1. What residue, among those in the stretch 18-27 that are in contact with a helix residue (DSSP H, G or I) (Cβ under 6 Å, 6 or more places away or on another chain) and either without any contact (Cβ under 8 Å) to a residue 12 or more places away in the chain or open to solvent by less than 60 Å² (accessible area, probe 1.4 Å) (or both), is farthest from E95 (Cα to Cα)?
2. Which of (1) of a type outside the set (A, V, I, L, M, F, W, C); (2) touching a residue at least 12 places away in the same chain (Cβ under 8 Å); (3) in contact with a Phe, Trp or Tyr (Cβ under 9 Å, 6 or more places away or on another chain); (4) open to solvent by 30 Å² or more (accessible area, probe 1.4 Å) is the odd one out, the single condition D100 does not satisfy?
3. Would you be able to say whether some residue in the stretch 105-128 is among the basic types (K, R), more than 15 Å from the chain's Cα centre (by Cα) and over 20 Å from E16 (Cβ atoms)?
Amino acid sequence: MRTNVRKGAMRVEEKELVIRHSILLITRDVVEQSLAKIQLENLLLRQLYVGASRIALNEVIQDIQEVRKELGKRGIRVYENENLNGSMRVKYTSESQQNDLTLNRDEVKSMVSLNIQNYIGDVKEKFEKATAW
């Protein structure tokens with residue numbers, strides 16, 4: 001009985017890791033798109049926005065690398081993120097079994113938005129420390 005509970009707990013953990021990976025990839029894409037738009041704008045504070053966006057992007061990329069390492073340690077391979085009508089389907093293999101999970105569009109948008117808010121908060125904190133008198 002303990003084995004089943006353990007396996008179930010591992011499955012929940014691996015699903016959370018797969019979801020985190022997929023959400024981070026979307027977060028990276030959103031930040032990259034925003035950065036590209038900012039670079040084209042003729043804004044007074046453009047360099048500040050570009051710098052902040054690059055810091056956030058670097059942190060997202062580091063998090064993606066960490067999650068990929070953890071996926072690799074666990075023998076999990078995410079091989080497809082597919083956009084369906086109003087949802088996202090993620091396919092992955094674990095323990096030589098094919099798995100998939102589906103997230104609705106609102107869940108994905110909410111998670112990406114929360115991620116971006118957290119990265120912006122981190123950037124703000126770094127700027128505050130750097131400019132502290």
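The values are calculated or read from the model by the stated rules, or taken from the named source; none is laboratory data. If you're wondering where the values come from, they're calculated on a predicted model, not measured in any experiment. Using ideal geometry, Cβ is built from the backbone for each residue, glycine included, and neighbour counts are taken over all protein chains shown. Each accessible area value is taken on the protein alone, full model and side chains, heavy atoms only, with ligands, DNA and RNA left out. Shrake-Rupley method; radii C 1.70, N 1.55, O 1.52, S 1.80 Å.
1. Restricting to residues being in contact with a helix residue (DSSP H, G or I) (Cβ under 6 Å, 6 or more places away or on another chain) and either without any contact (Cβ under 8 Å) to a residue 12 or more places away in the chain or open to solvent by less than 60 Å² (accessible area, probe 1.4 Å) (or both), the top hit is T27.
2. Single failed check for D100: (2).
3. Yes, there is a match, as at least one residue in the stretch 105-128 is among the basic types (K, R), more than 15 Å from the chain's Cα centre (by Cα) and over 20 Å from E16 (Cβ atoms).
For every residue, the table says whether it meets (1) out of contact with any Phe, Trp or Tyr (no Cβ under 6 Å at 6 or more places or on another chain); (2) surrounded by 15 or more Cβ atoms within 10 Å (Cβ to Cβ); (3) among the aliphatic types (A, V, I, L, M).
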{"position": "K37", "(1), (2), (3)": "yes, no, no"}
{"position": "L40", "(1), (2), (3)": "yes, no, yes"}
{"position": "R46", "(1), (2), (3)": "yes, no, no"}
{"position": "R54", "(1), (2), (3)": "yes, no, no"}
{"position": "L57", "(1), (2), (3)": "yes, yes, yes"}
{"position": "K69", "(1), (2), (3)": "yes, no, no"}
{"position": "V78", "(1), (2), (3)": "no, yes, yes"}
{"position": "M88", "(1), (2), (3)": "yes, yes, yes"}
{"position": "Y92", "(1), (2), (3)": "yes, yes, no"}
